[in-house]
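Notes for the one structure printed next.
The values are calculated or read from the model by the stated rules, or taken from the named source; none is laboratory data. As the structure is a computational prediction, the values presented were derived from the model and not from experiment. Neighbour counts run over all protein chains shown; Cβ positions are idealised from the backbone, glycine included.
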Amino acid sequence: MVNLKQIAAELSLSVTTVSRALKDGPEVHPLTTARVKEVAKRVGYVPNHHGRALKTGRTLTLTAVLPMETRDYLSDLAKLPLVEGMTLAARRAGYSLSIYSTTPDDDPVESVQRLLQAHSADGLIITRLVSGDPRVKLLLDELIPFVAFGKTDLDTAYPYVDIDNEQIAYEATRWLMDKGCRRIALQLLVPEDQASTMRLAGYGRAMAEAGIPIDQSLIGHGMFTMESSAAWFDRLLGSPNPPTGLACANELGLLGALHVLGKRGLAPGSDVHIVTRDSTRLARFLPAKIGVHSVDMAGIGRTLVEVLERRIANPLGPVETILFNGEFDPGE
């Protein structure tokens, strides 16, 4: 690997000058900085983050803990814009982003503990929060800069960025009611996730306002891959009192539901009304009349990194909490 000494020798400069130029030090003439950067790029110079960490205690690395879904080929589709947003924001802030992938069988707390023991990051991004999430307390106790993608029901203040899942589910249910639906099915993800709790709360609020009792048989929990969504919705449509409306958890749940409607010769937007949350903008390319709540996952990724960067710079600063709304398109 090319090091600073080699670049300095080629340009007849001191190692100190080269180092300061690469950091855009104001004491280095702009023309010299440009020459140094040009040579560094040409020879493929990469900063030694490990050595810097030993000297400064900082790694200039941020780590996002992302549970990977292994139940469907496309289950992790929605994570791609999130990762893109985090990556670009980290790079602009002078950090590298590492993704720490976990499987559904991994213990979330043990995964975070392993990261803390490795001292491999200046800050963490945790995702998929559950009720009373113990990772939040662990990171607060250890004084580790972090930000959560999601909320949990703890009394302690902590930084988070989240999606207003309650309002999205409320608006989706009200829209289906405006279409004349009274038998409204609701897809939820795993019950432990706080996002599912908030979706159920929004659905329940809309139903209560309309004076419609909740039928528990219309509420489904699962990962909602295309296959599981299709099987679940097919059972509901085959029941004596089938739903006339459906609020999908995500794009894969939507695709499974549309597959079943096609198989049964039913049309979305006339026989059954559907609204979905869409994190990839996939739904807008489907030739179906459906309501769509689009969520800017790349923007969420950028915001997570920006909040974490500010937390690293000022650990005792204000605790930021940011809520993203869904952008609704009735598809009409």
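Which of the following residues is modelled with pLDDT of 95 or more and touching a Ser or Thr at 6+ places or on another chain (Cβ under 9 Å): Leu189, Leu246, Leu200?
On the way: Leu189 fails: modelled with pLDDT of 95 or more; Leu200 fails: touching a Ser or Thr at 6+ places or on another chain (Cβ under 9 Å).
Residue meeting the stated conditions: Leu246.
I'd like to verify a number: residues in the stretch 122-149 that are assigned to a loop (DSSP other than H, G, I, E, B), under 19 Å from the mean Cα position of the chain (by Cα) and either among the charged types (D, E, K, R) or modelled with pLDDT of 95 or more (or both), how many?
3
Test of understanding: among Gln187, Gln167, which residue is among the polar types (S, T, N, Q) and not in a helix (DSSP H, G or I)? Full working, then the answer.
Working: Gln167 fails: not in a helix (DSSP H, G or I).
None of the other options fit; the residue is Gln187.
Name, by its number, the condition in (1) under 30 Å from Ala121 (Cβ atoms); (2) in a helix (DSSP H, G or I) that does not hold for Thr17.
Tallying (1) under 30 Å from Ala121 (Cβ atoms); (2) in a helix (DSSP H, G or I), Thr17 fails exactly one: (1).
For the stretch 210-227, name all the residues that are more than 17 Å from Arg277 (Cα to Cα) and touching a residue at least 24 places away in the same chain (Cβ under 8 Å). Don't jump to the end; show me each part of the working.
Initial filter on the stretch 210-227 (more than 17 Å from Arg277 (Cα to Cα)): 210-218, 227.
Of everything in the stretch 210-227, those that are more than 17 Å from Arg277 (Cα to Cα) and touching a residue at least 24 places away in the same chain (Cβ under 8 Å) turn out to be Ala210, Ile212, Asp215, Leu218, Glu227.
With the checklist (1) in contact with a Pro (Cβ under 9 Å, 6 or more places away or on another chain); (2) within 16 Å of Gln167 (Cα to Cα); (3) crowded, with 21+ Cβ neighbours inside 10 Å; (4) not β-branched (Val, Ile, Thr) in hand, flag the one item Met198 doesn't pass.
(1)
Condition check: more than 40 Å from the chain's Cα centre (by Cα) and either at pLDDT below 90 or more than 27 Å from Ser120 (Cα to Cα) (or both). Does Glu27 satisfy that? Quick ask: steps written out before the conclusion?
Values: more than 40 Å from the chain's Cα centre (by Cα): yes; either at pLDDT below 90 or more than 27 Å from Ser120 (Cα to Cα) (or both): yes.
Yes.
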